[in-house]
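Everything below concerns the one structure shown next.
The values are calculated or read from the model by the stated rules, or taken from the named source; none is laboratory data. Keep in mind it's a predicted model, so treat the numbers as computed, not measured. Cβ coordinates were reconstructed from backbone atoms using ideal geometry, including for glycine residues, and neighbour counts include every protein chain displayed.
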């Protein structure tokens, strides 16, 4: 009688034999142990081997790798035009003022001579944190010193909306270039007067819509204008922010349509190169505190353009999942999408059975649009130094205000609002 061990060995041998016979009957399967590792006939891709990469043409960086382009500029110490810094003054170091201060304080093209604000108790901390030993800090009552100082070439205004027009007119009266956060003034007439004064003074009044300087949105705009999707049928923008503004800010913000929706309105018109001829809007205030102000925190806007293109804008002041900023452009040739950006886009996790997880989107606008804020200031410095013409013209800013006002009217009155445009109003090509 055979031992149990011999019986097990024979069974294993028989099973292996059946597996080998089965594999041999299937020519598409190969048994690696029967083939020598160095058999050159098995090296199916060896014939594709080319010359050394040192003998080949090196790949070039993509135009979209802006960080590498900036490195190359820094590495080669490229100077474009004058190397003298622009003497400037900053008005306001609140939320948006801090965004601008972080760019100005670190920019070798800027000499920050003055900071003007009412938070005098923070001046010493600001000076130490940003190492602004040569910057003079003033209260609003002392601001005349800025305007009368002939060294100051330009001012950046990041104060509450109600102060913009006064600061702009005073700066222009003293021959300064002006970068102002929107809106330029609280009324259309006030804004028109500011631009007229700038023209008379021979200086540029620049109101930045920062999304025009966002690299991703610039890429979408260029491809739309190049005709990648053909004649645009629909364009959609979603703009939700996680960080609710303070009630104090909202009281002086000119309302959601002029404070928030203007960015999306401008971006869509900029991408398309036309202004809407009919708009409609609906708004709600989900937060009772915002309802008490007679304002909105949730908005839908539809726009019809003369070419037939339809636009849709969705806005929310409260997005618990993070900063939600997306654009979709659809046409007969295809679709372009700008999805949400993430701080560490290459990281994903697969833990247990919970599925794929990704790093959250950027928390709020200072981080999401960090590159845009830096780029718009670089553009303004180019304007001051005579190296560029303004990418945003005064009549474009006024057009966006006109559209936002019509949308606000539609939301309040519950009806479509038609818009007409003269040849002098139309956006540049």
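Would it be correct to say that residue 221 is modelled with pLDDT of 95 or more, buried (at least 19 other Cβ atoms within 10 Å of the Cβ) and in the same structural domain as residue 362 (by TED's automatic domain parsing)? In short, yes. All of 311, 322, 283 fail the test of being in contact (Cβ under 8 Å) with a residue 60 or more places away in the chain, outside any strand (DSSP E or B) and closer than 28 Å to residue 401 by Cα, apart from 322. If only residues of the range 61-92 that are outside any loop (DSSP other than H, G, I, E, B) and in the same structural domain as residue 179 (by TED's automatic domain parsing) are counted, the one that is nearest to residue 165 (Cα to Cα) is 91.
Among the residues of the range 142-171, those identified as farther than 25 Å from residue 374 by Cβ and modelled with pLDDT of 95 or more are 142, 143, 144, 145, 147, 148, 149, 150, 165, 166, 169, 170. Quick check on the range 136-148. Is at least one of its residues surrounded by 13 or more Cβ atoms within 10 Å (Cβ to Cβ), touching a helix residue (DSSP H, G or I) at 6+ places or on another chain (Cβ under 7 Å), touching a residue at least 40 places away in the same chain (Cβ under 8 Å) and outside the structural domain of residue 265 (by TED's automatic domain parsing)? No, there is no match, as no residue in the range 136-148 is surrounded by 13 or more Cβ atoms within 10 Å (Cβ to Cβ), touching a helix residue (DSSP H, G or I) at 6+ places or on another chain (Cβ under 7 Å), touching a residue at least 40 places away in the same chain (Cβ under 8 Å) and outside the structural domain of residue 265 (by TED's automatic domain parsing). Residues that are closer than 28 Å to residue 157 by Cα, in contact (Cβ under 8 Å) with a residue 40 or more places away in the chain and either part of a loop (DSSP other than H, G, I, E, B) or outside the structural domain of residue 235 (by TED's automatic domain parsing) (or both) are absent from the range 337-351 altogether.
Select from the range 270-280 the residues that are touching a helix residue (DSSP H, G or I) at 6+ places or on another chain (Cβ under 8 Å) and either part of a strand (DSSP E or B) or under 15 Å from residue 409 (Cβ atoms) (or both) and list them in ascending order.
First, pick out the residues of the range 270-280 that are touching a helix residue (DSSP H, G or I) at 6+ places or on another chain (Cβ under 8 Å): 270-273, 275-276, 279-280.
Across the range 270-280, the qualifying residues are 276, 279, 280.
Taking the residues in the range 246-269 that are farther than 20 Å from residue 282 by Cβ and within 19 Å of the chain's Cα centre (by Cα) as candidates, determine which candidate is surrounded by the fewest Cβ atoms within 10 Å (Cβ to Cβ). Within the range 246-269, the match that is surrounded by the fewest Cβ atoms within 10 Å (Cβ to Cβ) is 269.
Of the set (1) at positive phi; (2) at pLDDT below 95; (3) surrounded by 17 or more Cβ atoms within 10 Å (Cβ to Cβ), all apply to residue 92 but (2).
When the range 379-427 is filtered for residues that are under 30 Å from residue 154 (Cβ atoms), in a loop (DSSP other than H, G, I, E, B) and in contact (Cβ under 8 Å) with a residue 40 or more places away in the chain, the ones remaining, listed by number, are 385, 386, 387, 390, 391, 392, 426, 427. Residue count for the range 172-189, restricted to those that are at pLDDT 95 or above and in a helix (DSSP H, G or I): 2.
Just one of (1) surrounded by fewer than 10 Cβ atoms within 10 Å (Cβ to Cβ); (2) under 30 Å from residue 163 (Cβ atoms) fails for residue 109. It is (1). Could we say that residue 358 is assigned by TED's automatic domain parsing to the domain that holds residue 222, touching a residue at least 60 places away in the same chain (Cβ under 8 Å), farther than 21 Å from residue 189 by Cα and under 24 Å from the mean Cα position of the chain (by Cα) here? The answer is no for residue 358. Applying the criterion of being touching a helix residue (DSSP H, G or I) at 6+ places or on another chain (Cβ under 6 Å) and modelled with pLDDT of 95 or more to the residues of the range 310-324, the residue that is farthest from residue 220 (Cα to Cα) is 315. Looking only at the range 110-134, count every residue that is closer than 28 Å to residue 368 by Cβ and either touching a strand residue (DSSP E or B) at 6+ places or on another chain (Cβ under 6 Å) or assigned to a strand (DSSP E or B) (or both) and tell me the total. Summing the residues that are closer than 28 Å to residue 368 by Cβ and either touching a strand residue (DSSP E or B) at 6+ places or on another chain (Cβ under 6 Å) or assigned to a strand (DSSP E or B) (or both) in the range 110-134 gives 4. Residue 161 passes every criterion in (1) farther than 19 Å from residue 377 by Cβ; (2) without any contact (Cβ under 8 Å) to a residue 60 or more places away in the chain apart from (2).
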